[in-house]
Each structure stands twice: as C-alpha cells, then as structure tokens.
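Asker: The structure's right below; bear with me while I get my questions together.
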Ligand code: NAD
C-alpha cells in the first residue's frame, strides 16, 4: 500500500513536531487533538518551524508553502482516521489514554493501516493488545525538539510483523531521520538512561550538591553531554519525565523511584518551558 496521508494524534510538544517533519518529507498530514486550543497553538508553532526552516536556509519559501498546505488540523478522529494510510500517536503518556486512543484507531482505520506509538517508555506489545491488529502496532520514538533531533528509536512489540517494521523504516527515512531498531524492554535504550540521569540530578539538587546551573554545567563540560539534565528536563516537560519514571519504577524497580523534588515541581505546575517555569524560569528570561 502506498502511504500518502499520515494521521498524527495529539498535537502537543511531540505531535506538532512530527506533523511538521512528515509534511516536509512530502506526506499529507492530518493533525488531530481533542483540545481546540492545543490545536491552535500547534498551528502557530508549526508556522514558526517553517519560518525558522526558511531563515536557516533549510528550505525555500515555495517549498515551505507547499509543505504547509499539506497539513490539515482536525478535532474529528473518526473522519481523520478514515482518510489515514499511516498513524502516529502522540497523546499523553498515560496507559488508559493510550488504550482508549488505540481502541478507537483500531475501529476507525482500514485493516492494513499501521498504528505507531510515540510512547517514551511503554510497551508496544501492551499497546498492540488494545487492537485487533497487533502485527500492525509498533513504537516510533521521536525526540524533542522533533525538527532538530535526528533519531527515531523503532521498537517492535511481540506481535509486530517484519512487514510493519520495514514500512516504518521507509517512512522514517523519507522524513529524514536516522533509525535504531531495538527490542522491547521498558524504557528502550534512550528513555531508560535519560530518566535515570534526569532523576539523579533532581536528587542531587534536593541534597544541596549544587545549583541547577552548576549541575548542568558539570554534566555538559565534564561528561560531554550536549545539554545538562535540567535544561533537557525543562524541554521534555517535567510532567512527562515524571510519568516515564513512574512507569519505569513500576516495571524496572527501585532505581527509578521518582525524586520527591521532581514530584513537588510537578505538583506546583512547574512543568518546564511549556509553562514558562520548570527548574529554570523562562518568564524572567
Ligand atoms: P503533550 O502533553 O505536550 O501533548 C499531548 C497532546 O495530546 C495534548 O495536546 C492533548 O490535548 C492531546 N490529547 C490528550 N488526549 C487526547 C486524545 N484522546 N486524542 C487526541 N489528543 C489528545 O505531550 P507530549 O510531550 O507531546 O508527549 C506525547 C507522547 O510523546 C507521550 O507518550 C510522551 O511520553 C512521548 N514523548 C515525549 C517526549 C517529550 O520530550 N515531551 C519525547 C519523546 C516522546
């Protein structure tokens, strides 16, 4: 089956980036959300991705306009899913929301349509079990910010077919990303390491080891990470980070117990860049 239209479900931090790179890769895109305001903000953000793409010399004005015209915004999942040849889900990292979404996608899409999840850490096998076509369910883990980050970590569930994996490889290449194909285990490769480092940084902050600036600088210059754990956590979203840790704590054990300080930040609504305040204050900046 030739893939022309990609449906992206969830237009938050990740969904809007995935919609953008898919359109730039030449696909027609439908970006769906249940929240009209979120969809409006996504559209504004996507316009700014195109603007910055032109400014950085990555695309011509004409190409940007063409790609932009390929994106539709929709609140109607049933209608959108009926038109889709390929689906990438980017709803919140909460298993009940994934379950509800995949049950609907299973019902609304044609049998041959692949359903990919952008979960950071959850099991594509479990997510596949919410559908009648687990052979067509796979994880496609994009990174934030999607327009800049080169990798997509692809994870096959127990029932995922080779054919599904090979189609996902083709789609990923067409949208200009590199792939690692890994075996399913909670947290895959990247989230398992990133959650551990990010959580430990919060424990250090709680213990008074250093300021966020000092801890970030130590990790960047001493360990040669491109970005310190607090800067990264604020971009990822501290609520997203906490949900990952809760899942990894449940599945992998004590090493992933969420830091009490991280929990406190999330309770205070300090979620990072998206709320203008996380570990760092972006309003002041
Ligand atoms: P987000 O909170 O920024 O966005 C989620 C969006 O989904 C919101 O706009 C919300 O309105 C929408 N939504 C909620 N329920 C929905 C439904 N039933 N149908 C359609 N839309 C719905 O979340 P995010 O950071 O974009 O994360 C999305 C997924 O991507 C999660 O599984 C997360 O773990 C994963 N992920 C996140 C990052 C990151 O850095 N933020 C990186 C890789 C993967």
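Okay, residues lined up against (1) outside any strand (DSSP E or B); (2) within 16 Å of the ligand (Cβ to nearest atom); (3) in contact (Cβ under 8 Å) with a residue 60 or more places away in the chain:
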{"residue": "15", "(1), (2), (3)": "yes, yes, yes"}
{"residue": "20", "(1), (2), (3)": "yes, yes, yes"}
{"residue": "29", "(1), (2), (3)": "no, yes, no"}
{"residue": "38", "(1), (2), (3)": "yes, yes, no"}
{"residue": "45", "(1), (2), (3)": "yes, yes, no"}
{"residue": "65", "(1), (2), (3)": "yes, no, no"}
{"residue": "88", "(1), (2), (3)": "no, yes, yes"}
{"residue": "93", "(1), (2), (3)": "yes, yes, yes"}
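Asker: Turning to a different aspect of this structure: Residue by residue through the range 128-141, note down the ones that are more than 10 Å from the ligand (Cβ to nearest atom) and either closer than 20 Å to residue 187 by Cβ or in a loop (DSSP other than H, G, I, E, B) (or both).
Answerer: 128, 129, 130, 131, 132, 133, 137, 138
Asker: From 93, 89, which residue is at pLDDT 95 or above, buried (at least 18 other Cβ atoms within 10 Å of the Cβ), more than 13 Å from residue 20 (Cβ to Cβ) and within 18 Å of the chain's Cα centre (by Cα)?
Answerer: Only one candidate passes the filter, namely 89.
Yes or no, residue by residue, for (1) touching a helix residue (DSSP H, G or I) at 6+ places or on another chain (Cβ under 7 Å); (2) more than 16 Å from the ligand (Cβ to nearest atom); (3) over 22 Å from residue 14 (Cβ atoms); (4) touching a residue at least 60 places away in the same chain (Cβ under 8 Å):
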residue	(1), (2), (3), (4)
200	no, yes, yes, no
207	no, yes, yes, no
229	yes, no, no, no
238	yes, no, no, no
241	yes, no, no, no
244	yes, no, no, yes
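Asker: Taking the criterion of being touching a residue at least 12 places away in the same chain (Cβ under 8 Å), under 18 Å from residue 27 (Cβ atoms), within 15 Å of the ligand (Cβ to nearest atom) and in a strand (DSSP E or B), would at least one residue in the range 99-107 satisfy it?
Answerer: Within the range 99-107 (the criterion being touching a residue at least 12 places away in the same chain (Cβ under 8 Å), under 18 Å from residue 27 (Cβ atoms), within 15 Å of the ligand (Cβ to nearest atom) and in a strand (DSSP E or B)), the answer is no, since none of the residues qualifies.
Asker: Restricted to the range 145-161, and to residues that are surrounded by fewer than 17 Cβ atoms within 10 Å (Cβ to Cβ) and under 21 Å from residue 238 (Cα atoms), which residue is farthest from the ligand (Cβ to nearest atom)?
Answerer: 148
The values are calculated or read from the model by the stated rules, or taken from the named source; none is laboratory data. Please read all numbers here as calculations on a predicted model, not as lab measurements. Using ideal geometry, Cβ is built from the backbone for each residue, glycine included, and neighbour counts are taken over all protein chains shown.
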